[in-house]
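Participant: What follows is a single structure, and I will ask about it in a moment.
Readers should treat all values here as calculations from the given coordinates under stated rules, not as data from a laboratory. Not measured: the values here are computed from a predicted model. Don't worry about glycine lacking a Cβ; one is built from the backbone with ideal geometry, like all the others, and counts go over all protein chains shown.
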Amino acid sequence: MHERPPTSMVFYRPIEAAIRWTGLLRHEQEILSAISPPRNLPRTLNYPRWNELLLCMDRIYDAVINRELAYGQNGVTSNDESLLDSTELTIRHIDLKRWMRTHYPAHRPGFLFSRSERITHPIITLEAGQAMLIERQAMKAELEQCRRQLQALRVQQERLLQQSVVALACNNQCSLSDRAEATYLNIIGGMLALILGTSPSGKAYSSFRTQEAIVSALVAHHHSVMGITERTLNGKFASARRRLRSANT
């Protein structure tokens with residue numbers, strides 16, 4: 001039975017760091033015995049999260065090649081490029097932790113960071129926090145504008161509902177039957193004939209001589225009343241006079 005390898009060490013080979021980064025420490029001995037070149041790992045291997053391990057290895061070597069992550073041999077930093085393909089290439093614990101804190105702040109694996117560091121570490125950077133604050137303020141302003149628009153629409157809806165109720169009541173109250181309309185037209189026609197007519201002796205019953213004069217007088221005195229317009233009055237008067245003539249024949 002293999003002895004469980006230590007979780008944290010003073011320095012790591014890249015494969016050892018990648019194994020711990022992906023949480024595969026319990027499979028370390030099996031993985032190490034199944035691979036040979038330090039950088040050319042098999043693309044498929046029957047282990048959970050193997051693809052993630054390959055990605056972590058690529059990240060580590062990418063940082064080493066681009067001088068973002070110090071490396072050496074047996075824990076001694078040298079940055080000797082001849083070590084890039086060597087099984088003796090190592091990375092110090094403190095260098096790996098510093099690099100991960102800078103380039104992968106959301107990653108806090110247990111072999112590098114204590115429990116308190118994993119709980120309290122600031123995943124959100126200052127710049128990201130400021131961007132989130134600005135976005136929140138913009139969303140808050142947009143929400144307030146939407147609320148005002150909603151309130152205006154509610155007021156408009158209430159006004160339209162009231163208008164529809166009034167219009168419906170008016171239609172119900174103002175609609176005339178054919179008989180009632182004929183009666184009113186007969187009355188209007190009779191009054192027009194009387195106003196514009198003369199007595200048997202030839203004396204005018206009123207000072208109005210034409211229908212136009214009556215219309216002008218009504219509009220002048222009652223222009224603000226619904227229906228008292230020149231066009232409406234002329235139309236109604238013409239209908240009334242026709243109705244009266246028809247009734248008398």
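Participant: For the chain, build the charge dipole from Cβ charges (+1 Lys, Arg; -1 Asp, Glu) around the Cα centre, then report which of Leu143, Gly227, His103 sits farthest towards its positive end.
Facilitator: Checked the options; the winner is Gly227.
Participant: Within the chain, which DSSP H helices have Cα atoms that stretch 30 Å or more along the helix axis and a mean Kyte-Doolittle hydropathy of at least -1.0? Mind showing how you got there, number by number?
Facilitator: Numbers: long enough: 126-174 (71 Å, -0.32).
Membrane-span-like by this rule: 126-174.
Participant: Here is a follow-up. With r as the distance between the Cβ atoms of Gln130 and Asn66 and R0 = 35 Å, compute the FRET efficiency 1/(1 + (r/R0)^6) and round to 0.05.
Facilitator: After rounding, the FRET efficiency stands at 0.80.
Participant: Please list log₁₀ I(q)/I(0) at q = 0.21, 0.27, 0.28 Å⁻¹ for segment 175-249, using the Debye equation with identical point scatterers on the alpha-carbon positions.
Facilitator: For the requested q values the scattering log ratios are -1.00, -1.26, -1.28.
Participant: While we're here: Taking 10 °C and 1.306 mPa s as the conditions, I'd like the Stokes-Einstein D for segment 11-120 in µm²/s, using the Kirkwood hydrodynamic radius from alpha carbon pairs.
Facilitator: Details: Rh = 14.3 Å.
Value of D from the Cα-based Kirkwood radius: 111 µm²/s.
Participant: Sticking with this structure for a sec: Using the Cα centre as the reference, give the magnitude of the dipole from point charges on the C-beta atoms of segment 11-120 (Lys, Arg: +1; Asp, Glu: -1; all else neutral), rounded to the nearest 20 debye.
Facilitator: Details: 15 positive and 13 negative charges, 110 e Å.
Using only the charged Cβ atoms, the result is roughly 520 debye.
Participant: Would you mind computing, in nm to one decimal, how far apart the modelled labels at His223 and Ala138 are, each placed 7 Å from Cα along Cα→Cβ?
Facilitator: The modelled label-to-label distance comes out at 5.6 nm.
Participant: If amide hydrogens are placed 1.01 Å from N in the peptide plane, which non-local residues have theirs closer than 5 Å to the one on Gln73?
Facilitator: Under 5 Å from the amide H of Gln73 lie the amide H atoms of Ser78, Thr90, each far enough along the sequence or on another chain.
Participant: Based on the alpha-carbon gyration tensor of segment 58-119, what equivalent-ellipsoid semi-axes (square roots of 5 times the eigenvalues) come out, in whole Å, largest first?
Facilitator: One finds semi-axes of 23, 12, 9 Å for segment 58-119.
Participant: Where does each of 87-99, 21-33 land if you order them by average Cβ count within 10 Å, highest first? Working shown, then result.
Facilitator: Numbers: 87-99: 18.0, 21-33: 16.2.
Ranking, from highest mean packing down: 87-99, 21-33.
Participant: Moving to a separate point now. Please give, to one decimal in nm, the separation of the simple spin-label points placed at Arg245 and Phe208, each 7 Å out from Cα toward the Cβ.
Facilitator: So the label points at Arg245 and Phe208 sit 1.8 nm apart.
Participant: Exposure proxy check: Ile60, Ile35 ranked by fewest other beta carbons within 10 Å?
Facilitator: On the way: Ile60 26, Ile35 12.
With the sparsest Cβ surroundings first, the list reads Ile35, Ile60.
Participant: Full-extension gain between Val166 and Leu84, please, as 0.36 nm times their residue separation minus the C-alpha to C-alpha distance.
Facilitator: Extending this stretch completely gives an extra 20.8 nm.
Participant: Moving on to the next point. Sort out for me the Cα centre separation of segment 198-249 from segment 132-167, rounded to whole Å.
Facilitator: With segment 198-249 and segment 132-167 each reduced to a Cα centre, they are spaced 51 Å.
Participant: How big is the dipole moment of the chain about its Cα centre under a simple scheme where the beta carbon of each Lys and Arg is +1, that of each Asp and Glu is -1, and everything else is neutral? Debye, nearest 20, please.
Facilitator: With Lys and Arg at +1 and Asp and Glu at -1, about 1880 debye.
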